[in-house]
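Report on one structure; see the data block that follows.
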Amino acid sequence: MGSLETEKTTIGWAARDPSGVLSPYTYTLRNTGPEDVLVKVTYCGICHTDLHQIKNDLGMSHYPMVPGHEVVGEVVEVGSDVSKVRVGDCVGVGVIVGCCRSCRPCESDIEQYCSKKIWSYNDVYTDGKPTQGGFAESMIVDQKFVLKIPDGMAPEQAAPLLCAGVTVYSPLSHFGLKKSGLRGGILGLGGVGHMGVKIAKAMGHHVTVISSSDRKREEAIDHLGADDYLVSSDSTRMQEAADSLDYIIDTVPVFHPLEPYLSLLKLDGKLILMGVINTPLQFVTPMVMLGRKTITGSFIGSMKETEEMLEFCKEKGLTSMIEMVKMDYVNTAFERLEKNDVRYRFVVDVAGSKLDE
């Protein structure tokens, strides 16, 4: 079984200040308990939220910070009460690693909405130690927040599903949008957006990608299988598409007007916000009132939804489109991500990197 009683140190790559530059950092892992799992990290995806956090865009970053919340690794040790996974299992760890377990969201198995949730990094665990993420050799995680990666699914492909994949799957499931025949829009074709196209198509939806320029049209239609492509500045095409969509998944992580996209929704259509934006968005109320439209949001997904999503992706043969990098390239990867220069998700080969240099 292995014991987790001894104090363990690990090495990761951490940001020290809002410059966001990462460099090697050695630290001690948190105190452990009988339900804890020691995971040797093999791969970790790079999410736009990581960029916000390392640069303190949201004004709540604490340093040193080891980012990374799309973590895949191998179980190397387990606590005495661990029954969910075994040593040798390939597992994933997502955005949160703790919750209170007694509030309404926790008792309803939607622990991602717990007000006392503990983030995978840039947070403090119950023992007072800071949490650190997946850009590191290893992590200690409560078994509740560890997921088995389905057999046959490539671990590097699974990493982005733990955030980007479930972020799309959860609202489609919750709002009753999994049935076939719906018409959906995906606003923004980045890490989350490209998984939105793939998952919605696998559910049998007619999918329109909405973007600010024409440059991703070929990728959207030919590579990802989208049915239509709208450039938001093309007023004629936007007007032609008015009242045509059942939902729009808005993945854009920077300020943008909502009104052009609200006009695309049918009666009772839903605009589902996904992007983390630190400035207020605006719209005029008749755009919502006159079509009984909904502006709503959704945050990642529960552990149950993540398990469902992984099985769905395995069943449908869905993978994320990734660019693999080593840790010594991670700062360049963040610079490219800020310029939207990635198709569509960077994944760091953590196990294949030299972390101490």
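The values are calculated or read from the model by the stated rules, or taken from the named source; none is laboratory data. All of these numbers come straight from a predicted model, not from anything done at the bench. Using ideal geometry, Cβ is built from the backbone for each residue, glycine included, and neighbour counts are taken over all protein chains shown. Heavy atoms of the whole protein, side chains included, go into the accessibility calculation; ligands, DNA and RNA do not. Shrake-Rupley method; radii C 1.70, N 1.55, O 1.52, S 1.80 Å.
Under a no-solvent Debye model with one identical scatterer per Cα of the chain, what's log10 I(q)/I(0) at q = 0.08, 0.12, 0.13 Å⁻¹? The Cα Debye sum returns log10 ratios of -0.38, -0.86, -1.00. Relative contact order for the chain: 18 percent, from Cα pairs under 8 Å spaced at least 6 residues apart, divided by residue count. Ranking Lys201, Lys270 from most to least accessible surface, computed with a 1.4 Å probe over the protein chains only, gives Lys201, Lys270.
In terms of the Cα gyration tensor, with a ≥ b ≥ c the square roots of its eigenvalues, is segment 274-357 rounded because a/c is under 1.5, prolate because a/b exceeds b/c, or oblate? Taking the square roots of the gyration eigenvalues as a ≥ b ≥ c, segment 274-357 is oblate.
By the gyration tensor of its Cα atoms, with a ≥ b ≥ c the square roots of the eigenvalues, what is the shape of segment 223-279: rounded for a/c under 1.5, prolate for a/b over b/c, or oblate? Walk me through the numbers before you get to the answer.
Values: a/c = 1.45, a/b = 1.31, b/c = 1.10.
The shape class here is rounded.
Seen against the Cα atoms of the chain and their longest principal axis, helix 303-316 is set at about 70 degrees.
Converting phi to 3J(HN,Hα) with the Karplus coefficients 6.51, -1.76 and 1.60 and the offset θ = phi - 60°, segment 112-127 yields 5, 9, 5, 6, 10, 4, 10, 6, 4, 8, 6, 8, 10, 7, 4, 8 Hz in sequence order, with x at every glycine or proline. Computed over protein heavy atoms with a 1.4 angstrom probe, the accessible surface ordering of Tyr169, Tyr63, largest first, is Tyr63, Tyr169.
Apply the a/c threshold of 1.5 to the C-alpha gyration tensor of segment 6-100 and tell me whether it is rounded, prolate or oblate.
prolate
When the solvent-accessible area of segment 1-88 is split by element, carbon and sulfur atoms take up 49 percent of it, the probe being 1.4 Å. Think of a 1.4 Å ball rolled over the protein heavy atoms: segment 95-246 then has 39 Å² of accessible area per residue.
Exposure check, 1.4 Å probe, all protein chains in place: Leu224 carries approximately 20 Å² of accessible surface. Computed from phi, the 3J(HN,Hα) profile of segment 226-231 under the Karplus parametrisation 6.51, -1.76, 1.60 (θ = phi - 60°) reads 5, 8, 8, 9, 10, 9 Hz, with x in place of Gly and Pro. Only protein atoms count toward the accessible area here, which uses a 1.4 Å probe; on segment 90-170, the carbon and sulfur part of that area reaches 47 percent. Of the residues Met203, Val87, Leu318, the one whose Cα sits farthest towards the positive end of the charge dipole of the chain is Met203 (charges of +1 on Lys and Arg Cβ, -1 on Asp and Glu Cβ, taken about the Cα centre). For segment 238-357, which whole-number percentage of the solvent-accessible area (1.4 Å probe, protein heavy atoms only) is attributable to carbon and sulfur atoms? The value for segment 238-357 is 52 percent carbon and sulfur by accessible area. The long axis of helix 164-174 is offset from the longest Cα principal axis of the chain by roughly 60 degrees. The C-alpha atoms of segment 144-208 occupy a region whose extents along the principal axes are 33, 23, 20 Å, arranged from largest to smallest.
Residue-wise HN-Hα couplings along segment 197-213, as the Karplus relation 6.51 cos²θ - 1.76 cosθ + 1.60 with θ = phi - 60° gives them from phi, are 4, 5, 5, 5, 4, 5, 7, x, 8, 7, 10, 10, 8, 10, 9, 7, 9 Hz; Gly and Pro carry x. Show that you can apply the helix-only estimate: for the chain, add -39,500 (n - 2.57) for every DSSP H stretch of four or more residues, divide by all residues, and state [θ] at 222 nm to the nearest 500. Value at 222 nm, helices only: -5500 deg cm²/dmol.
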